[in-house]
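Undergrad: Provided herewith is a single structure, encoded as structure tokens, for subsequent inquiry.
A short reminder: the numbers here are calculations on the coordinates, not readings from a lab. What you see is a predicted model; the values in this text were computed from it and never measured. Note: ideal-geometry Cβ built from the backbone for every residue, glycine included; neighbour counts use all protein chains shown.
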Amino acid sequence: MTGTMLTEEQRLSLLLRQIKWAEEKTAFYRSAFERAGVSVASVSSFAEMARLPFWEHAEEEGADAPFFMLTLPLSGLLRMSLLHDGVEPGRIHCYTQGDVARQVQTVTDMLAACGVNRANTVLLVGNFTDSRTLDLQYALDAIGAAVLPCAGGAAAAQLLRAAVPDTIITWEHELPTLEKCLGDIAVHRLITVGTHVAPQEVSCSLADRMGARHTHIFTHAQMGALIGAACNAGAGIHLEERLFYAEVIDEAGHSSRADGAYGELVLSTIAAEAMPALRYRTGVRVRLARGQCGCGSVQLLITEG
């Protein structure tokens, strides 16, 4: 992964600032912290993150309602977006100008690490009411690639015939519709976006059929952004540590962020201004790997188990 890396001290400082911001600005976090008997003063290290409550009961308390988690007045926002991970109802997520700028920069770095460059012609298939698809669009613009944005269906078929892109970026849940349009078209690169750390079988099968190099980007709507991109060595997903803090919890509920730790992936934002998310349980079981990867990256590696 390219881009400026943060030191552990910088990441901890951002995380502590995020907790303080969430506690000060949202009634949900204040009440959740009070019930758990904790506050921002209870956390001074990564290990002490385990003292904070999980997000798991947030929706029961109304956190899925529009603007429930908002930390700023609407006048402080740059973007409001409806995020979808598939067929489930979308959730409204809000962003400041700083949120958008940081996310576009990290997505630009993800795509560059996937091999996308200004010489590529990219078919971008997705829902453009979703902020994460817009981030992909702006990142491709920043790279200088020629972009063919579409929502799939007949538009995808027309663009495929007209421009014959060498790269396709698509959400995994869009693949069944897209596959009907492809015919015998071969592309150089397929990048899929989905809620699983490892790409699903339909994605791998389509890439093989097209003779495409396949890479994958991991995301969850609750986090409001793309979370990480596939390792070039095929080892797993490199988490974007400029935006997120990761831990795993085992069957007994014990938290760890150590090298080799295995359990359910729990994510927290460390730089979100409009809608911080603290200790969100993804439901995905992973193993963490730290240190320099075979691809050369030192970003945290997560592999699905």
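Undergrad: If each DSSP helix of 4+ residues adds -39,500 (n - 2.57) and the sum is divided by the residues in the chain, what number results at 222 nm, nearest 500 deg cm²/dmol?
TA: Here the helix-only value at 222 nm equals -9000 deg cm²/dmol.
Undergrad: Working only with C-alpha atoms, what are the Rg and Dmax values of segment 101-220, expressed in angstrom?
TA: Expressed in Å, the Cα Rg and Dmax of segment 101-220 come to 12.9, 38.
Undergrad: Please report the antiparallel percentage of DSSP beta bridges with both residues in the chain, rounded to the nearest 5.
TA: Of all bridge pairs located within the chain, approximately 60 percent are antiparallel.
Undergrad: Students often check this: by mean Cβ neighbours within 10 Å, which of 78-85, 291-298 ranks highest, and how do the rest follow?
TA: Numbers: 78-85: 17.6, 291-298: 13.4.
Highest-to-lowest ranking by the protection proxy: 78-85, 291-298.
Undergrad: Using a simple charge model, +1 on the beta-carbon of Lys and Arg, -1 on the beta-carbon of Asp and Glu, nothing else, what dipole does segment 1-150 show about its Cα centre, in debye to the nearest 20?
TA: Working: 12 positive and 18 negative charges, 85 e Å.
Using Cβ point charges on Lys, Arg, Asp and Glu, segment 1-150 gives about 400 debye.
Undergrad: Cα centroids of segment 183-215 and segment 82-115: how far apart, whole angstrom?
TA: 21
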